[in-house]
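Novice: I'd like to ask you about the structure that follows.
The values are calculated or read from the model by the stated rules, or taken from the named source; none is laboratory data. Quantities reported herein were computed from a predicted structural model and do not represent experimental measurements. With ideal geometry, Cβ positions are generated from the backbone for all residues, glycine too; neighbour counts draw on all protein chains shown. Remember, those area values only see protein heavy atoms, side chains included, never the ligands or the DNA or RNA. Shrake-Rupley method; radii C 1.70, N 1.55, O 1.52, S 1.80 Å.
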Amino acid sequence: MKYTFSKIFAGLMLFGAVSCTANYEEINSNPYQPGDLIADDYGLGAAMNALAGCVISPDVNTTQFTDCLLGGTQGGYFADANANWKSTISNYNPTDDWTRVFLKSDKVIPILYSNLNVIKSFSEQSNNPVPLAIANVIKVATMHRVADTFGPIPYSEIGADGKIATPYDSLEKVYDKFFEELDEAVKVLTENQNAALVKEADYVYGGDIKKWIKFANSLKLRLALRIAEVAPAKAREMAESAVSSELGVITTNDENATWKYFGTISNPMNVAVNYNKVDIHADGSKCLTSGDTHAAADIICYMNGYNDPRREFYFSKSEWEGLDYCGLRRGIVIPDHVTVGHKYSGVKIDPAAPAIWMNAAEVAFLRAEGTAVYGFNMGGSAEQFYNDGIRLSFEQWGAGDAAAYMADNKSKPEIYNDPNSVNTFNEQLSNITVQWKSGASKEEMQERILIQKWIANYPLGNEAWADYRRTGLPHLIPVSANFSNGEVLSSRGARRMRYPLDEYISNTENVSNAVSNYLGGPDLMSTDLWWARKN
């Protein structure tokens, strides 16, 4: 059956992209977001679309902070390229404006919960549980990014208005709630799998309920692997139930979870990475790289070493003579962009590209790691899932046949030689080759899987950062300009972000209780989250 509604608001998008000055106040005023819902006449379509915009925000400045300056750099994908920035996450001396966005931007939690309330009311009035079940999947997809940034967060008691001046939950309890919500959503959606939403209310799967079920199970699998070192029994239970569910997990690229909301307006990451771009060189030729954000040396070193054909889809070529792809080192004293910085490979994101939430390749690598490292029953062999992950990623990006790449048992990541000579790193990041080795140790199998998963998950920097904190993989180039005054070890990197300063003013008792009883250490960037403590 197909649900139709008297008024479906597509969520009017307005251009409001202004050059980012790393000022949080601009985030709260940028109109580059779905239009406000009319108070006396909510449309389900508008509510669903606004909700979807909470996973990766259509607001440019919000996404710049969360996915370029935070996840992108800490995950080894992106490097800051604006020499005017003196306090950055990459240098471990960020201001509160840079780190509080997930919890304090009005583009994430307030929009999420206010629209959840709209959808809940609709479901109750119409006796139709499907939209709310999908909304709860989106809620988990959004809030696990928040929890994985800070650790304990207000979750179980956040009000419908999205205000977070409420008690915190331990990260373990938050994860338990995630699993509970995903299980309930899968149950409801499976019972109603032949239903459908109108396409205008679903820019992810066009109303296909079966695909939402697969995404929910895949998200559950992602979170299960996250806790495998600290809650192995729970991780096994959640991982195995995800893949054995009636419809299972994402296995093909047409099931990828992507928000296809961009076209008449630009993908916000495309806008963000091109802020302050050098358009024309002194000789009149056009600059073909990017602006405030460039490709990180880390991922370029791995992909160059493996001669990876996906480079041309991820990055623009550098303007250094004789170097097709050359990344900029993260966590350095940033060189002047006009004279030097613009020469490094840029980030290539099509203005009309959808926002990627999860792809089939990641799911295959999760199953490979679950099998090879933790002994979970993932429904196949680690080698099968590993090779599937590479093949699916090549297919996703249109990079051709992956057979030769998968058979390469000689190539290794290259050593980073900075053409500017200042930030060279003369160490081999890894000795791992691409071809699967069945007789390898668990440690070697995990490193091989995590390297290829990391490459395939580009540009999901927050997910890469979570894997790095959980496993220490892949090995990244350490920061050379560490301005943390000893708070953060360059060899380990930032483990979390500090709680927003406003929490100590507006939610004093609750945040203090969270730090004392749940965090497991001081409110610093060096404190490990619950699921990363083994490492």
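Here is a yes/no grid of residues against (1) among the small types (Gly, Ala, Ser); (2) closer than 11 Å to residue 118 by Cα; (3) within 23 Å of the chain's Cα centre (by Cα); (4) modelled with pLDDT of 80 or more:
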{"site": "35", "(1), (2), (3), (4)": "yes, no, no, no"}
{"site": "46", "(1), (2), (3), (4)": "yes, yes, no, yes"}
{"site": "49", "(1), (2), (3), (4)": "no, no, yes, yes"}
{"site": "63", "(1), (2), (3), (4)": "no, no, yes, yes"}
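Novice: I need the full set of residues from the range 163-182 which are open to solvent by 60 Å² or more (accessible area, probe 1.4 Å) and in a helix (DSSP H, G or I), in order please.
Specialist: Hits for the range 163-182 are 172, 173, 176, 177, 180.
Novice: Then there is this: On the basis of being within 21 Å of residue 296 (Cβ to Cβ), of a type in the set (Gly, Ala, Ser) and either at pLDDT below 50 or crowded, with 24+ Cβ neighbours inside 10 Å (or both), does residue 81 make the cut?
Specialist: Against the criterion (within 21 Å of residue 296 (Cβ to Cβ), of a type in the set (Gly, Ala, Ser) and either at pLDDT below 50 or crowded, with 24+ Cβ neighbours inside 10 Å (or both)), residue 81 qualifies.
Novice: Moving on. Would you check which residues across the range 251-264 are of a type outside the set (Phe, Trp, Tyr) and either assigned to a strand (DSSP E or B) or within 17 Å of residue 54 (Cα to Cα) (or both) and list them?
Specialist: 257, 258, 260
Novice: Oh, and also: How do the pairs read when you match residues in the range 177-199 that are over 21 Å from residue 142 (Cα atoms) with residues anywhere that are hydroxyl-bearing (Ser, Thr, Tyr) and surrounded by 17 or more Cβ atoms within 10 Å (Cβ to Cβ), using Cβ under 6 Å and keeping only pairs 6 or more apart or on different chains?
Specialist: Cβ pairs passing all conditions: none.
Novice: Right, next: Filtering the range 267-302 down to residues that are more than 29 Å from residue 210 (Cα to Cα) and among the polar types (S, T, N, Q), which residue is surrounded by the fewest Cβ atoms within 10 Å (Cβ to Cβ)?
Specialist: This residue is 285.
Novice: Let me ask you something else. Any idea how many residues of the range 371-393 are in a loop (DSSP other than H, G, I, E, B) and within 14 Å of residue 251 (Cβ to Cβ)?
Specialist: Count: 3.
Novice: Would you point out which residue out of 487, 427, 463 is in contact with a strand residue (DSSP E or B) (Cβ under 9 Å, 6 or more places away or on another chain), of a type in the set (D, E, K, R) and under 30 Å from residue 158 (Cβ atoms)?
Specialist: 463
Novice: Here's a follow-up. If you scan the range 117-162, which residues turn out to be among the hydrophobic types (A, V, I, L, M, F, W, C), modelled with pLDDT of 95 or more and open to solvent by 10 Å² or more (accessible area, probe 1.4 Å)?
Specialist: Result: 132, single match.
Novice: Output the residues belonging to the range 268-310 that are free of Cβ contacts under 8 Å to residues at least 24 places away in the same chain and touching a Lys or Arg at 6+ places or on another chain (Cβ under 9 Å).
Specialist: Within the range 268-310, 279, 280 qualify.
Novice: Let me ask another. Is there any pair linking a residue in the range 424-452 that is more than 22 Å from residue 391 (Cα to Cα) to one that is small (Gly, Ala, Ser) and surrounded by 13 or more Cβ atoms within 10 Å (Cβ to Cβ), with Cβ under 7 Å and at least six apart or on different chains, and which?
Specialist: 442/372
Novice: Give all pairs with beta carbons closer than 6 Å in which a residue from the range 47-64 that is part of a helix (DSSP H, G or I) meets a residue that is aromatic (Phe, Trp, Tyr); count only pairs at least 6 apart in sequence or on separate chains.
Specialist: The qualifying pairs are 52/259; 60/32.
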